[in-house]
Amino acid sequence: MGNEEKLILWFKDIKKEDVPLVGGKSANLGEMSNYVDVPIPPGFSTTSYAFNMFLDNNKIREKIEGAVKSINVEDENELKKASSEIKSAILGSELPDVLVSEILENYHKLVKESSARFVAVRSSATAEDLPDASFAGQQDTYLNIHGDAELIEKVKECYSSLFNERAIYYRAKNSIKTETVALAVIVQKQVFSEESGVMFTLDVSNGDDSVIVIEASYGLGEYIVGGIVTPDLFYVDKKTMQIKKKVIENKDRKLVRLEKGGTKEVRLSEKEAKKQCITDAEVLELAGYGMKIEQHYKRPMDIEWAKDESGDIYIVQARAETVWSNKDKIKTAESKQGVILSGLSASPGFVSGSAHTILDVKDIDKFKSGEILITIMTSPDWVPAMKKAKAIVTDEGGITSHAAIVSRELGVPCIVGTGGRGKKATDVIKTGDIITVDSKNGLVYSGEIKAEEQQSGVQHQNIENDSMIITGTKILVNLGEPELAERTAKLHADGVGLMREEFLWANIGKHPLYLIKQGKSDIVVDTLAEGMRKVCSAFNPRPVILRFSDFKTDEYANLEGGKEFEPKESSPLLGWRGASRYYDPKYKEAFLLEIKAVKKVRDEFKLKNLHVMVPFTRTVKELEKIIDILRENGLERNEDFKIFLMAEIPSNIILADKFNKYIDGYSIGSNDLTMLVLGADRNNDTLSGIYDERNLAVLRMIRYLIKIAHRDGKTVSICGQAPSEYDEIVDFLVRSDIDDISVSPDAVEHVRELVASIEKKIELEKDLDQKDERFKDWEFPVL
C-alpha cells in the first residue's frame, strides 16, 4: 500500500512534496526531520486520505458543497452561516473505527518512545503554507493534550477548523477550491517551553534579507502570537553571525502548562520581566538553525521555536515567508509627527496604520481588515467592521458608549468623543491618511510613529501572580463576541456575568421577523445557539449568564429588513426595548427563537452552565409575563437553571421586594441606571459632567437593592462599566456585600487583586473595631 492510501504517516516517512497528502505543516516537519540538521520534536500525522474517509463515511461532503457553493464571502452573515453548518456536521459525527484505532495505536507508541506525557495537536491543511499564500493560523492548534478521548475529540475539532469563516474566506480570495482542500492532523510530542518565539530569516518590517530576526519571550508561544506580550527582539547579521541589535522588552507575564493539562498565566516580577529571556549563545544557536532552514528551502522562512525545561531548543514549525517574498521592497518616507486630535481613552493601545473614514453603516463592507476605523459613533451593526479594525476613533461617545465597551472586549485600541475636545475625527482624518493612535493617552498623531519611538505611557504591572487570587466576592467577565471566548476563558474569572446577545444578532445581520417571514427561523436559532455554545464550552463548568436581546428600535431598523417591523421613536433609549418586546404580539415570535436557542445549548449540547437574564423590565407585571413565556416554552427556574433581572431602572430597585418573587438574582446595569436616576443621556457628550456612576444617588440605589435582595436570599451582581473604570466603585461594592462583580476582560486581573486587598482591609477594620464613615452617606435616611 502506497503512502497515498495510508491513514497515518510518521515524520520520517514524509517529505516536502507530500503537501497534498499531509498538508504544509506536516510536510515541512517531515522534510526538516529527514533533510535539515535541526532538532524537531517527534510525531506523526494523519493524512488527507483519512480526512476524506471521514467525510465520505458520514456523508458530510454534500453538506460542505451545499453550504459554500454560492455564498458571497464578502457577506459576513453568509460566511458565518456556512461555517456554522459545516462545523456542526463535523463535530456531530464520529471518526471511522479504523482511523480511531490507528491514531491511538501510534499515539501510544509516541508516548512510549519519546516519554511524551502530553502532545500538541495541530491542523495541517493541504493548501496551507504554500509559497504564494500564507494561511498560518487559519486552522486550530491544541496544546497539552493527554489521554485517548481528548486526543480523538481534538482531531475532530481540527477537522472542523478547516471550515472556520476565515479559512473559507482566504481560500476563496486565493482561488483555492474547497473540494481540493483536505486536512491532516499532527500529533507531536509537546515541548514544555521555558522560552519560545518566532524567527524570520529576513526583517519583515522592511524586507532586509541580510539579517535574521528572532522574537523571544517566557513560557508558551501563544502570548507572542496573540500580541499579549511584547517579546525581546534580536537582529543577527547573516554574514558575520553576530548580534547587531537587541531590544529587551518588559515581558510582564507568561503562559505556562499545568501538570494535569491545560495552561495558566503567571505574572512576573519587574526584575524578571525586564531581563533578556534567552542568552546571546542561544540567539546565535537559533540563527544557525534559521540559516540551515533557509538554505535548504532556498527562500526566506517564518519559523517557530521553543526551548524546553532542560534547555534544549526545538524547531516546532516552519513555513515560507509570504509578504516580502512576493513583492518588491518598498521605501517609506518618514512622516511628520504631530498631535492632530484628542479624545477620551476607551481601550488602551498604540498603533499606526491607514485610516478609513466611514459615516454610514451601509458602507462598512468597504472597510478592510487592519485599517483604522474613523466614524461618528458605533452601534451593534458596526461590529463586523470593528472586529477587523486595527484601532477605532469616534467623534462622539463616552467611556460607556457602544464603541468603548465593544473595543475593550475586542482588545482594539479606541479613542471616543473627539468632537467634545474641539475637533471631530471625521472632519480631520481622511480615508488613506497614515495616523498613529495612542489610545492610552487619548491622542491621535499624523503619520507613523515607529516602534522605537513609541511613548504609549503604559504602566506595566509588576505583580507576581502564579495562581489565581481567591476572593469572597466573585469576579466575572463581560463578553459578547464568541470568537474571543477561548482567550477570555483563560483569565482568572469565575464565569461570564454578562454575555451580550446583541453581538450574535449583529453577526446575523438580518431582522428576526424578516427571517421568520422568509421561512428562515432556523438560521436565527442555529446562529444564536452556536455563539452561545462557544462561550459556554470555553467557560464550562463556570456559569454563563446570557442577557436576552436588548436592541433599541433604531438599531433593529438598521438590520436588513428591519424598517418594515420597527416604529420610528423620538427616544429609542426609553422606547420599545427589552422585556416590553418579548410579550408583545408584534415581536413575541422572534423572542421564542431566542428561547429555542437557549434550550438547544442546554438540552442538545448539554451545556447546563447557561443561564438567562431579562433586561429593561419596567414593571412587575411585565416580568410575570416573561416568566410565564419562559415556563411555557420549557425554561423554568430550578437548581440548574437560573433567571436573573437586569437592575437598570429605578423601579427595579424601588420594587425589589416584589421582583424578588420571580428571579434568582439581579445584575446591576449601572450605565442605564445612572442615566435614569440622574436624568442624563449617557450618550450625550454635553452631559458628561453630570453623568457619573459614582453619584451618591446611584450608590444609595445600589446599596438598597443589595439589602433587599439579600433579605430574600437573592444574589446581586453588577455588569455595568463602573467597576472596570473606578477603583472607588469597587471599594463601595465590596463594602456593600455585593456577591459578584463583572468587568471587561482587560480589568479582570486588576479588579480581582483590588477586591482581595479591600476584603483584607475590611477584616483588619473589624479586628480594630473601626467603621468606614462613608456608610452613613450610602444609606437612605430613615423618615
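The values are calculated or read from the model by the stated rules, or taken from the named source; none is laboratory data. Keep in mind it's a predicted model, so treat the numbers as computed, not measured. Backbone-built Cβ (ideal geometry, glycine too); neighbour counts: all protein chains shown. All accessible areas refer to the heavy atoms of the entire protein, side chains included, with ligands and DNA or RNA removed. Shrake-Rupley method; radii C 1.70, N 1.55, O 1.52, S 1.80 Å.
Things to note:
- Meets criteria (basic (Lys, Arg) and either touching a residue at least 24 places away in the same chain (Cβ under 8 Å) or buried (at least 22 other Cβ atoms within 10 Å of the Cβ) (or both)) for residue 621: no
- Condition check for residue 423: in contact with a Leu (Cβ under 6 Å, 6 or more places away or on another chain), open to solvent by 10 Å² or more (accessible area, probe 1.4 Å) and modelled with pLDDT under 90: yes
- Among the residues of this structure, residue 559 counts as one that is at pLDDT below 95 and crowded, with 17+ Cβ neighbours inside 10 Å.
- Residue in the stretch 494-508 that is more than 26 Å from residue 666 (Cα to Cα), among the hydrophobic types (A, V, I, L, M, F, W, C), touching a strand residue (DSSP E or B) at 6+ places or on another chain (Cβ under 7 Å) and touching a residue at least 12 places away in the same chain (Cβ under 8 Å) present: no
- Odd one out for residue 488 among (1) polar (S, T, N, Q); (2) under 18 Å from residue 605 (Cα atoms); (3) open to solvent by less than 10 Å² (accessible area, probe 1.4 Å): (2)
- For the stretch 589-620, the set of residues classified as among the β-branched types (Val, Ile, Thr) and either within 25 Å of the chain's Cα centre (by Cα) or closer than 16 Å to residue 632 by Cα (or both) consists of 595, 598, 601, 612, 614, listed by residue number.
- Test: residue 30 is under 20 Å from residue 120 (Cβ atoms), open to solvent by less than 30 Å² (accessible area, probe 1.4 Å), at pLDDT below 90 and not in a loop (DSSP other than H, G, I, E, B): no
- The stretch 657-698 - residue that is more than 32 Å from the chain's Cα centre (by Cα) and closer than 19 Å to residue 734 by Cα and, of those, surrounded by the most Cβ atoms within 10 Å (Cβ to Cβ): 695
- Within the stretch 714-732, considering residues that are at pLDDT 95 or above and more than 16 Å from residue 649 (Cβ to Cβ), the one surrounded by the fewest Cβ atoms within 10 Å (Cβ to Cβ): 715
- Condition check for residue 592: part of a helix (DSSP H, G or I), open to solvent by 40 Å² or more (accessible area, probe 1.4 Å) and of a type outside the set (D, E, K, R): yes
- Residue that is surrounded by the most Cβ atoms within 10 Å (Cβ to Cβ) [pool: residues in the stretch 5-26 that are in a loop (DSSP other than H, G, I, E, B) and aliphatic (A, V, I, L, M)]: 14
- For the stretch 341-374, filtering for residues that are closer than 17 Å to residue 387 by Cβ, in a strand (DSSP E or B) and among the hydrophobic types (A, V, I, L, M, F, W, C) leaves 5.
- Flag if residue 49 is more than 21 Å from residue 156 (Cα to Cα), surrounded by fewer than 22 Cβ atoms within 10 Å (Cβ to Cβ) and of a type in the set (Phe, Trp, Tyr): no
- Criterion violated by residue 74 - all others in (1) open to solvent by less than 50 Å² (accessible area, probe 1.4 Å); (2) within 24 Å of residue 175 (Cα to Cα); (3) in contact with an Asp or Glu (Cβ under 8 Å, 6 or more places away or on another chain) satisfied: (1)
- Hey, residue 304 surrounded by 15 or more Cβ atoms within 10 Å (Cβ to Cβ), of a type in the set (D, E, K, R) and under 18 Å from residue 28 (Cα atoms) or not: yes
- Only one of the numbered conditions (1) modelled with pLDDT under 95; (2) open to solvent by 40 Å² or more (accessible area, probe 1.4 Å) is not met by residue 265, and that is (2).
- The listed residue being surrounded by fewer than 20 Cβ atoms within 10 Å (Cβ to Cβ), modelled with pLDDT of 90 or more, hydrophobic (A, V, I, L, M, F, W, C) and over 20 Å from the mean Cα position of the chain (by Cα), out of 393, 428: 428
- A single member of 40, 8, 14, 60 is farther than 30 Å from residue 289 by Cβ and hydrophobic (A, V, I, L, M, F, W, C), and it is 60.
- Per the listing 95, 79, the residue uniquely modelled with pLDDT under 85, more than 30 Å from residue 39 (Cα to Cα) and open to solvent by less than 40 Å² (accessible area, probe 1.4 Å) is 79.
- Identity of the residue in the stretch 375-398, part of a loop (DSSP other than H, G, I, E, B) and in contact with a Lys or Arg (Cβ under 9 Å, 6 or more places away or on another chain), that ends up nearest to residue 75 (Cα to Cα): 379
- Some residue of the stretch 622-634 being hydrophobic (A, V, I, L, M, F, W, C), within 21 Å of residue 530 (Cα to Cα) and assigned to a helix (DSSP H, G or I): yes
- Tally of residues being among the hydrophobic types (A, V, I, L, M, F, W, C) and open to solvent by less than 10 Å² (accessible area, probe 1.4 Å) across the stretch 139-148: 1
- Qualifying residue in the stretch 236-249 (condition: surrounded by 15 or more Cβ atoms within 10 Å (Cβ to Cβ), at pLDDT below 90 and within 30 Å of residue 493 (Cβ to Cβ)): yes
- Some residue of the stretch 569-589 being of a type in the set (Phe, Trp, Tyr), open to solvent by 10 Å² or more (accessible area, probe 1.4 Å), touching a Lys or Arg at 6+ places or on another chain (Cβ under 8 Å) and under 23 Å from residue 523 (Cβ atoms): no
- Residue in the stretch 206-219 that is on the phi > 0 side of the Ramachandran plot and at pLDDT below 90 present: yes
- Residue that is farthest from residue 249 (Cα to Cα) [pool: residues in the stretch 149-177 that are hydroxyl-bearing (Ser, Thr, Tyr), part of a helix (DSSP H, G or I) and open to solvent by 30 Å² or more (accessible area, probe 1.4 Å)]: 169
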